[in-house]
Amino acid sequence: MQTQTQTIWLTGAEWLAVLRIGLGLWWLESWRHKDKKGWFERGTGIAWAADVAGKHKWPQVKKGFEAVVAPRPKLMAYVVVYAELALGLGLISGFLTPVALVGGLLLNLLYLTLMIHDWAEQGQNAMMALISLVALFAMSWQTWSLDHAIGLF
């Protein structure tokens, strides 16, 4: 027998939408506070990541960075910055929500791996990854989303 979960103020599905939208706002803030001029014109973000990868305790991180990111730093700067914007907008609006949740989860896991030595970053990325999993498996796009409005998922 399935029982209805009782909540205060909103339904369970609405709370999941709040969680999804909050995660989207978190991604949007990550995008907003980046120095875009620094990332795009001076390469500061990728240079910082190169330094972190170069000192990483796992040699695979340095090798992966050198193989994927180092040969195309300008492209990777745009990918990182605009991925965060796309994730934020997608989750807030509920458009292509499962895709955004999986993409965000993968990006958080990548950040978590890169920043394994930084406890503050680990906590933030672990929480964002956990929210992504909950929102994904609870199908948080069923309420207050463009996906639901147009019948995508």
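The radius of gyration of the Cα set in region 106-153, together with its Dmax, comes out at 14.1, 43 angstrom. Region 74-153 to region 34-48: how many Å between their Cα centroids? Taking the Cα centre of each part, region 74-153 and region 34-48 sit 22 Å apart.
Comparing 85, 107, 75 in a Gaussian network model of the chain, where Cα atoms under 10 Å apart are tied by springs, the biggest mean-square fluctuation is seen for 75.
A simple spin-label model places the labels of residue 33 and residue 79 2.5 nm from each other, with each point 7 Å out along Cα-to-Cβ. The modelled label-to-label distance between residue 9 and residue 48, using points 7 Å beyond Cα along the C-beta direction, is 3.3 nm. Hydrodynamic estimate: the Kirkwood radius of the chain over Cα pairs, inserted into Stokes-Einstein at 20 °C and 1.002 mPa s, corresponds to D of 128 µm²/s.
As a fraction of the 1.4 Å probe accessible area of the chain, surface on carbon and sulfur atoms comes out at 69 percent.
Using C-alpha pairs below 8 Å separated by at least 6 residues, the relative contact order for the chain is 32 percent. Restricting the trypsin sites (Lys or Arg not before Pro) of region 53-131 to loop positions (DSSP other than H, G, I, E, B) with no more than 15 neighbouring Cβ atoms within 10 Å leaves 55, 57.
Three principal axis extents of region 35-120 based on alpha-carbon atoms, in descending order, are 38, 28, 25 Å. Considering only 83, 12, 133, the residue lying farthest towards the positive end of the dipole of the chain is 83, judged by Cα position with unit charges set on Cβ. Solvent-accessible area of residue 68, all protein chains in place: 80 Å² (probe radius 1.4 Å, heavy atoms, ligands and nucleic acids excluded). Within the chain, the selection of entire DSSP H helices by a Cα span of 18 Å or greater along the long axis and an average Kyte-Doolittle value of at least 1.0 returns 73-93, 97-114.
The values are calculated or read from the model by the stated rules, or taken from the named source; none is laboratory data. Keep in mind the model is a prediction, meaning the values are calculated, not measured. Positions of Cβ are backbone-derived with ideal geometry, glycine not excepted, and every protein chain shown enters the neighbour counts. Note: accessible area is taken over every heavy atom of the protein model, side chains too, but ligands, DNA and RNA are not part of it. Shrake-Rupley method; radii C 1.70, N 1.55, O 1.52, S 1.80 Å.
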